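Step one of this worksheet: look at the structure below.
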Amino acid sequence: MKAVGIICELNPAHGGHAELISKTRAAHPGAAIIAAMSPNFVQRGEPAIYSKIRRAVSALELGVDLVIELPTPFALLSAEGFARAGVSLLYSTGVVGALAFGSESGEIETLVRAAGILSSEACEGLTRRGLALGKSYGAARRSAFGELSGGSDILELPKNMLGIEYIRAARAQNAGLDFFCVKREPGISSALIRLGLRESGDDDIMLPEMLDGAILSRLRVMTAADFKKISGAGDGIAERAAKYARTAGSFADAAAAVKTKRYTLSRVRRFLLRAALGIREGQPETPPYIRVLAAAGAGRALLREISRASSLPVITKPALGRRLGGEIARLLELEAAA
């Protein structure tokens, strides 16, 4: 095996990431580690606390060989879309043979079984029934899964959920990847680490409220028709966004006002950010290019092989992407604007 892939955000890097990378390295001697990392916005629907370049360098310091970018339109998707894009990006390198991730369960067989249930027609049918009753998509799916699994609560924990989505994505894409799972020990909280960093006085930190003026200035001039053009519009969220974004005093207030029982807060935050960044419907389901953010010695050597083996163009400089034109140039321009 030439490389193991990791999908991450490093928001910020901490001991749990270090453990995952160290154990992945030990379990796959001789294989490089490639990380597909969210850029300056992350899946929870907010700006990353540090820039993507600083976080990419921290990945190298933890032992990753190559860091590639999971572009913003894909980072700001649900867990299912985020996983689909990340798996596709890593598999498209042509050198990744396994996917490593952490989960609260740490039991790969349990996660594989759960992935099978979630992908079944029975689960999809029960989920649709829950949606018809007014439940959010996540709540409807958890209820359907619980009914089919005999009451398992494995979906209640976020790392388990992402791990299951990685497995589902790999199978849906016929990627043929092996899976390596590390048990995520309790006590490591990215949220608590971010809280501590907020109070540290570090000038490099990006606080979400620092973007309130820029984001709200865009949202306030959008009509319901404008919001309906944004990726993920539906179920009335566009109308609520148009109504409440104009009067909210902050991005957090706008998200809280738009939220309902049907739309979770994280879904609303992602939708409002996509609107502010101009991420419209019609985006490709998976990234159409591989953009390099950082590389160590082994990663630089691997890049030459990826350039030969990949099904996608490899971009080391934005100018190259612009010359490619079409969808790639458009997405790179959107990324630069973000």
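The values are calculated or read from the model by the stated rules, or taken from the named source; none is laboratory data. Note that the structure is a prediction, hence the values are computed from the model and not measured. Positions of Cβ are generated from backbone atoms using ideal geometry, with glycine treated the same way; all protein chains shown enter the neighbour counts. The area values use the complete protein model at the heavy-atom level, side chains included, leaving out ligands, DNA and RNA. Shrake-Rupley method; radii C 1.70, N 1.55, O 1.52, S 1.80 Å.
With unit charges on the beta carbons (Lys and Arg positive, Asp and Glu negative) and the dipole taken about the Cα centre of the chain, which residue among Ala256, Gly282, Ser58 sits farthest to the positive side?
The residue sitting most towards the positive pole is Gly282.
With every protein chain in place, what's the accessible area of Arg262 (1.4 Å probe, Å², nearest 10)?
Approximately 70 Å² for this residue.
How do Val57, Val96, Val112 rank by accessible surface area computed with a 1.4 Å probe, from largest to smallest?
Per-residue accessible area, sorted high to low, gives Val57, Val112, Val96.
Under a 1.4 angstrom probe, counting protein chains only, how are Lys52, Lys228 ranked by accessible area, largest first?
Lys228, Lys52
If you take the beta carbon distance between Asp253 and Arg330 as r and set R0 to 41 Å, what does 1/(1 + (r/R0)^6) give as a FRET efficiency, to the nearest 0.05?
Here the calculated transfer efficiency is 0.80.
Expressed in nm to one decimal, what extension gain is obtained for the pair Glu61 and Leu197 from 0.36 nm per residue of sequence separation less their Cα-Cα distance?
47.0 nm
What FRET efficiency would be calculated for the residue pair Leu320, Ala122, taking the C-beta separation as r and a Förster radius of 41 Å, to the nearest 0.05?
Here the calculated transfer efficiency is 0.30.
Counting pairs of alpha carbon atoms under 8 Å apart in space and at least six apart in sequence, what relative contact order in percent does the chain give?
24 percent
Cα centroid distance between segment 253-274 and segment 14-69, in Å?
If you average the Cα positions of each part, the centres end up 28 Å apart.
In nanometres, what is the gap between the two model label sites at Val221 and Arg54, each 7 Å from Cα along Cα-to-Cβ?
That separation, rounded to one decimal, is 3.0 nm.
Once you charge only the Cβ atoms, +1 for Lys and Arg and -1 for Asp and Glu, what is the size of the charge dipole of the chain about its Cα centre, to the nearest 20 debye?
Once rounded to the nearest 20, the dipole reads 800 debye.
Pick out, from Phe41, Leu89, Ser105, the residue whose Cα sits farthest towards the positive end of the charge dipole of segment 26-141, with +1 on the Cβ of Lys and Arg and -1 on the Cβ of Asp and Glu.
Phe41
Rank these residues by their accessible area, most exposed first, probe 1.4 Å: Met206, Met161.
Most to least solvent-accessible, the answer reads Met206, Met161.
Among Pro12, Pro313, Pro158, which one shows the biggest mean-square fluctuation in a GNM of the chain, springs joining Cα atoms closer than 10 Å?
Pro158
Given +1 on the Cβ of Lys and Arg, -1 on the Cβ of Asp and Glu, and no further charges, what dipole in debye does segment 176-244 carry about its Cα centre, rounded to the nearest 20?
400 debye
With the crude spin-label approximation of a point 7 Å out along Cα→Cβ, what separation in nm comes out for Arg129 versus Leu265?
Taking the simple label geometry, Arg129 and Leu265 are separated by 3.1 nm.
Below 8 Å between Cα atoms, with a sequence gap of 6+, how large is the relative contact order for segment 246-338 in percent?
About 22 percent, as a whole number.
Give the distance, in whole Å, between the Cα centre of segment 155-224 and the Cα centre of segment 291-338.
Cα centroid of segment 155-224 versus Cα centroid of segment 291-338: 23 Å apart.
For segment 112-232, build the charge dipole from Cβ charges (+1 Lys, Arg; -1 Asp, Glu) around the Cα centre, then report which of Leu219, Met161, Ser120 sits farthest towards its positive end.
Sorting the options by dipole projection puts first Ser120.
Expressed as a rounded percentage, what relative contact order does segment 62-148 have, with Cα pairs under 8 Å and six or more residues apart?
It comes to 16 percent, rounded to a whole number.
Can you compute the equivalent ellipsoid semi-axes for the chain, i.e. the square root of 5 times each eigenvalue of the Cα gyration tensor, sorted largest first and rounded to whole Å?
30, 26, 20
Which of Pro29, Pro288, Pro39 moves most in a GNM of the chain, Cα contacts under 10 Å?
In the Gaussian network model the winner is Pro29.
About the Cα centre of segment 57-207, how large is the charge dipole given +1 on each Lys and Arg Cβ and -1 on each Asp and Glu Cβ? Please answer in debye to the nearest 20.
With Lys and Arg at +1 and Asp and Glu at -1, about 680 debye.
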